[in-house]
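Here's the structure we're looking at; comments come further down.
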């Protein structure tokens, strides 16, 4: 059972106030997810532009979550506290894609 990385890319809903999302991400989402026993690190990145092009990023935000295993993470997110975080995330975000990835050097 090797460690995995979840890469999540998403856009904010048109009705979402980006300032409110950022405050929630910094004060609730990041600290709560980072303290889960199955998570070794969790970061959120804002998409700026396409490298070398004068085009905006097709995605507003990216999350990178390093987890011990999919099963352990799925178990950890069943708590009432995490279900609240999931619901809040869904109220801000749309078109979220959760990609399970594995470092090729660790495989």
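So here's what we get for this one:
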quantity	calculated
Residue list for the stretch 3-17, filter: over 11 Å from residue 94 (Cα atoms) and either surrounded by 13 or more Cβ atoms within 10 Å (Cβ to Cβ) or touching a residue at least 40 places away in the same chain (Cβ under 8 Å) (or both)	3, 4, 5, 6, 7, 8
Matching residues in the stretch 45-57 - criterion: being out of contact with any strand residue (DSSP E or B) (no Cβ under 7 Å at 6 or more places or on another chain) and surrounded by 11 or more Cβ atoms within 10 Å (Cβ to Cβ)	50
Top-ranked residue in the stretch 26-44 [being touching a strand residue (DSSP E or B) at 6+ places or on another chain (Cβ under 7 Å) and in contact (Cβ under 8 Å) with a residue 24 or more places away in the chain; ranked as farthest from residue 59 (Cα to Cα)]	38
So residue 85, is it free of Cβ contacts under 8 Å to residues at least 60 places away in the same chain, farther than 27 Å from residue 17 by Cα and not in a strand (DSSP E or B)	no
Those residues of the stretch 26-40 which are part of a helix (DSSP H, G or I) and surrounded by 19 or more Cβ atoms within 10 Å (Cβ to Cβ), in sequence order	29, 33
Residues located in the stretch 95-107, provided they are in contact (Cβ under 8 Å) with a residue 60 or more places away in the chain and exposed (fewer than 14 other Cβ atoms within 10 Å of the Cβ)	95, 97, 98, 99, 100, 101, 102, 103, 106, 107
Residues located in the stretch 58-75, provided they are closer than 20 Å to residue 30 by Cβ and touching a strand residue (DSSP E or B) at 6+ places or on another chain (Cβ under 8 Å)	59, 60, 61, 62, 63, 64, 65, 66, 67, 68, 73
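Taken together, the values in this text are just the output of simple stated rules run on the coordinates, not laboratory data. For clarity, every value in this text was computed on a predicted model and none was experimentally measured. Every residue, glycine among them, receives a Cβ derived from its backbone with ideal geometry; neighbour counts consider all protein chains shown.
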